[in-house]
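Beneath this line is the structure, given in structure tokens, with notes to follow.
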Amino acid sequence: SAAGTMLPPTLVSVLVAFLAATLGTLVLNNKFRQKLKTIVNAVKSRRQLDELAATSTRNYDNLPQVSAIFIHPIKSLRAVSLSETKFDEHGLKADRRLMIVRPIPRSASSYFVKKNKATHRFFTQRQSPSLATIEASEPVEITASGGDGEKKLIIKLSSSLLPQDEHVMINVHPEFTRQLPIRYQAGLWSDTVEVADLGDEVAEFVAKVTSRDDESYKDVRVVVILKSTVREVNERYCPDAARVGMLANLPQGGLTDGFPVSRRFFIYRFVCVAFSV
């Protein structure tokens, strides 16, 4: 009978567990092979890049020249010209670690969505052209007077649309920003990144400028990316030679639109231009 051909529940459970384990092993093996292939390709590409770079330094006449270096301490504000700079895990040091956001209107159903859904959205000159009048200075490290010797990293904001003596100072030192209590999930193109709110004073300063374009822009906030925040670049646009570390991980994107100027990527593009590859 049909009832007599049915497998015992225990055996069925064993077979399901076996099939699930086999499938899981195949998936893991495939991921392992893909990762190993990525590492091998990265090592080969780096070696080729280093060889090309060594060759190019022998003929300085053919090398491209860096004519200027610019950073945007706050995304979409005026650029700051530098004579020299350094790289860190997010690209050029102090470049686009801060940005301006606006809250995303919430519906009744939004209270039941997943935790990491964006609560705010990045805001740029595309929406408010007046942001081009705000200058954010290169961060300057100072040591506070007093016994504790607290270190601060200060950015000064000013705008040609506001009185000359009207400006605001903000502390963006990592030791300070990691303790900021108000956090948002900010949408940046197709990514969502965790950021910290830098307070009312700087938000109100920026709002005085943005509200000249539209009164509704008074709700802007200024935020900073946290050192612990991970935002990897899109692997479709990452050359093998630009991957980082022994495991050939994707570089961090910071708050750039897509791909920051990292040390290895800079060398990659520099050599490609020199050899027209």
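The values are calculated or read from the model by the stated rules, or taken from the named source; none is laboratory data. Note that the structure is predicted; figures quoted are calculated from it, not measured. Counting neighbours? That spans all protein chains shown, and the Cβs are built from the backbone with ideal geometry, glycine included. Note: accessible area is taken over every heavy atom of the protein model, side chains too, but ligands, DNA and RNA are not part of it. Shrake-Rupley method; radii C 1.70, N 1.55, O 1.52, S 1.80 Å.
With R₀ set to 35 Å, the beta-carbon distance separating Ser13 from Glu232 gives a calculated FRET efficiency near 0.35. When the C-alpha to C-alpha distance is required to be over 19 Å, the pairs from Lys75/Lys227; Lys44/Lys86; Lys93/Lys208; Lys75/Lys117; Lys75/Lys156; Lys31/Lys227 that qualify are Lys44/Lys86; Lys93/Lys208; Lys75/Lys117; Lys31/Lys227.
Cross-link partners for Lys152 among the aspartates and glutamates, with Cα-Cα distance under 20 Å and sequence neighbours closer than 8 places in the same chain left out: Asp88, Asp95, Glu135, Glu138, Glu141, Glu175, Asp197, Asp200, Glu201. In region 84-239, the portion of solvent-accessible area held by carbon and sulfur atoms comes to 49 percent [1.4 Å probe, whole percent, DNA, RNA and ligands not counted].
Set the Förster distance to 45 Å, then compute FRET efficiency between Asn29 and Val66 from the Cβ-Cβ distance, nearest 0.05. Efficiency, rounded to the nearest 0.05: 0.50. Ordering of 210-219, 243-252 by packing is 243-252, 210-219, highest average first (other Cβ atoms within 10 Å, averaged per residue). Take the Cα of Gln48, step 7 Å toward its Cβ, do the same at Val140, and the gap between the two points is 4.7 nm. If R0 is taken as 45 Å, the Cβ-Cβ distance between Lys86 and Thr22 corresponds to a FRET efficiency of 0.35.
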